[in-house]
1. By the gyration tensor of its Cα atoms, with a ≥ b ≥ c the square roots of the eigenvalues, what is the shape of region 138-218: rounded for a/c under 1.5, prolate for a/b over b/c, or oblate?
2. What nm value, rounded to one decimal, do you get for the distance between F253 and T227 when each label is placed 7 Å out toward the C-beta?
3. Which angle from 0 to 90°, rounded to the nearest 10, does the C-alpha axis of helix 171-188 make with the longest principal axis of the chain?
4. Starting at the first residue of region 55-67, write each ³J(HN,Hα) from the Karplus equation 6.51 cos²θ - 1.76 cosθ + 1.60 with θ = phi - 60°, in whole Hz, x for Gly and Pro.
5. Among the trypsin sites (Lys or Arg not before Pro) in region 199-245, which ones are in a DSSP loop with at most 12 other Cβ atoms within 10 Å of the Cβ? Mind listing them?
6. Measure off 7 Å from each Cα along the Cα-to-Cβ vector at D47 and M268, then give the distance between these two points in nanometres to one decimal.
7. How far apart, in nm, are the 7 Å Cα→Cβ label points at L62 and L78?
8. Rounded to whole Hz and in sequence order, give me ³J(HN,Hα) for region 264-276 from the Karplus expression 6.51 cos²θ - 1.76 cosθ + 1.60, θ = phi - 60°, writing x for Gly and Pro.
Amino acid sequence: MIMTELNEQLVTREKRGISGSTLKLIAVITMLIDHAGAVILGRMLWDAGYMTVAYSTDPQALMSWLYEHGNLYWIYFLMRMIGRVAFPIFIFLMVEGLGRTRNRWKYLGRMALFAVISEIPFNLALTGQVWSTQYQSVYFTLSIGLLAMIVCDTLEERMRHHLKRVVRIMYWPLLVVIAVLAAVLAERLNTDYGAIGIICIMVIYVSRRNKIAQTIAGATVFIWEMTAPLAFIPVWFYNGKRGLKLKYLFYIFYPAHLLILYLISYFMGLGAYPAL
């Protein structure tokens with residue numbers, strides 16, 4: 001009788017919270033809102049002359065512009081703030097995925113492959129050009145961060161059972177070196193979020209074994225992104241379950257939605273403008 005009650009309590013506890021697939025859907029939806037704001041409304045702001053008044057020293061011109069286009073600007077701003085939630089959740093899910101995957105290098109290869117596949121849709125959405133080297137998508141940031149985590153994981157496994165304490169102690173300095181090299185690479189490639197994105201990835205990675213520490217550290221390291229720390233509210237309620245089988249949702253959705261958003265802006269006659 002007692003064992004039955006305990007089992008029921010365990011089952012009830014497992015059902016509570018948010019599954020990985022629900023977190024992924026939250027991240028995908030907020031990312032879509034963010035990119036719709038940047039790609040479509042951002043171009044509408046360009047067309048409305050926002051960049052002319054944004055750097056103007058004439059406050060009267062800015063006030064006049066806001067009076068006429070203020071609603072568009074504030075909708076754009078709200079959509080971008082909602083979108084800040086997506087990146088921290090994607091990082092968390094990637095760290096979780098690394099701990100659960102059967103083949104780390106295959107996981108990295110899949111991430112890198114879709115970084116390449118997403119390049120043209122990303123370029124079109126961001127600049128309106130098929131080829132552009134000025135900025136790389138978040139897929140490259142995630143790929144570099146994933147590579148750094150795999151190297152750290154491999155290093156930790158080899159050092160964990162080493163008899164010499166001095167060798168084990170070297171893990172943390174080496175982890176810092178790996179993180180710095182990854183951050184420099186991201187910055188050199190001009191990836192989305194750049195070096196600070198890699199730092200955020202590594203902070204969430206190193207705190208992965210303690211939920212409280214990971215939540216606090218994650219929210220703290222994203223404090224510069226205004227609404228991004230709010231991502232750790234749904235992350236806190238993650239129940240460790242996969243949920244629906246949405247393994248390839250982000251991989252396919254990312255390049256597809258960028259291309260669709262660009263095409264919408266193109267047929268609106270705004271394709272010549274960059275995103276904002």
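Where a number appears in this text, it was derived from the coordinates with a stated rule and is not lab data. None of these values were measured; they are calculated from a predicted model. Heads up, the Cβs are rebuilt from the backbone with ideal geometry, glycines too, and the neighbour counts pull from every protein chain shown.
1. Judged from the Cα gyration tensor, region 138-218 comes out oblate (a/c at least 1.5, b/c at or above a/b).
2. Result for the modelled spin labels: 1.7 nm.
3. 20
4. Karplus values, whole Hz, x for Gly and Pro: 9, 7, 8, 9, x, 5, 5, 5, 5, 5, 5, 5, 4.
5. R209, K245
6. Roughly 0.6 nm, to one decimal.
7. 2.2
8. Each residue of region 264-276 in turn: 4, 5, 5, 6, 7, x, 10, x, 6, 7, x, 6, 10 Hz.
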